[in-house]
Amino acid sequence: MRSPFYFIVEPVNHKRYDNTTNIGDVEFITSTSQEDFKFSNRMAKVISTPIDYKGEVSVGDTVVVHHNVFKIQYDMRGRQKSGKSFLKDNTFFIDETQFYAYKHNGEWKCHSQNCFVKPIDIKQDYFIHKPGSEEGLMGIMKYNNKDLENLGIHNGTLVCFEPESEYEFHIDGEKLYRMYTRNITMTL
């Protein structure tokens, strides 16, 4: 089964929500809310690519998707429904704007104008108190894209970014911010 325009994917671990954690041998549910986007599964396995697709993403690759792809929603009457991406059973349609990165041959690569930045933990002493545990608007480029590479911004480069551009993801157990190329303001 292939679509002319869409990738067909299924959630990793066949779960729409990533709302459990294991402590020892016991699995605990950390959230029962279907409205909270933070617990929506954002990892998908590619089942098929569009018919005329010529890019690097292949069947079996893992893609990082938008938080609404797998979410269950409620209509105006309070009836539970799947979102517009739902195909059938546990499969979903996504277009090229609904995924941000893909893992091909064991290596993460960013799609289109997306990049991922690792926030910097505050470890220095300051005379003025800084709220939070991260250095604001700074991070280390974790996964860049071709445009950033052409500008000389490589993985591992210390970068600054625009306020309110951080979109939090957890990839391979690491907290990262997804943002666009245009959100990177300078290198340090």
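To keep it simple, each residue is scored yes or no on (1) part of a strand (DSSP E or B); (2) open to solvent by 30 Å² or more (accessible area, probe 1.4 Å).
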| position | (1), (2) |
| --- | --- |
| V59 | no, yes |
| V63 | yes, no |
| F70 | no, no |
| L87 | yes, yes |
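Give the residue that is least open to solvent (accessible area, probe 1.4 Å), with candidates limited to residues of the range 1-56 that are among the basic types (K, R), farther than 22 Å from K81 by Cβ and touching a residue at least 12 places away in the same chain (Cβ under 8 Å).
K45
Of everything in the range 89-111, what is surrounded by 15 or more Cβ atoms within 10 Å (Cβ to Cβ) and among the polar types (S, T, N, Q)? Give them in sequence order.
Of all residues in the range 89-111, those surrounded by 15 or more Cβ atoms within 10 Å (Cβ to Cβ) come to 91-94, 98-104, 108-111.
Result: T91, Q98.
Checking T62 against (1) polar (S, T, N, Q); (2) modelled with pLDDT of 95 or more; (3) over 14 Å from the mean Cα position of the chain (by Cα), which single condition isn't satisfied?
Against the list (1) polar (S, T, N, Q); (2) modelled with pLDDT of 95 or more; (3) over 14 Å from the mean Cα position of the chain (by Cα), T62 comes up short only on (3).
When the range 15-41 is examined, which residues are found to be touching a Lys or Arg at 6+ places or on another chain (Cβ under 9 Å) and not in a loop (DSSP other than H, G, I, E, B)?
Y17, F37, S40, listed by residue number.
For T21, all conditions in the list (1) farther than 28 Å from Q113 by Cα; (2) modelled with pLDDT of 95 or more; (3) among the polar types (S, T, N, Q) hold save one; what is the number of the exception?
With (1) farther than 28 Å from Q113 by Cα; (2) modelled with pLDDT of 95 or more; (3) among the polar types (S, T, N, Q) applied to T21, the lone miss is (2).
Just one of (1) open to solvent by 20 Å² or more (accessible area, probe 1.4 Å); (2) within 18 Å of the chain's Cα centre (by Cα) trips up N183, so point out which.
Status for N183: all satisfied but (1).
The values are calculated or read from the model by the stated rules, or taken from the named source; none is laboratory data. Treat the numbers as computed from the prediction; the structure is a model and nothing was measured. So basically every Cβ, Gly included, is an ideal-geometry build from the backbone, and we count neighbours across all protein chains shown. Ligands, DNA and RNA are stripped out before the accessible areas are found, and what is left, the full protein with its side chains, is counted by its heavy atoms. Shrake-Rupley method; radii C 1.70, N 1.55, O 1.52, S 1.80 Å.
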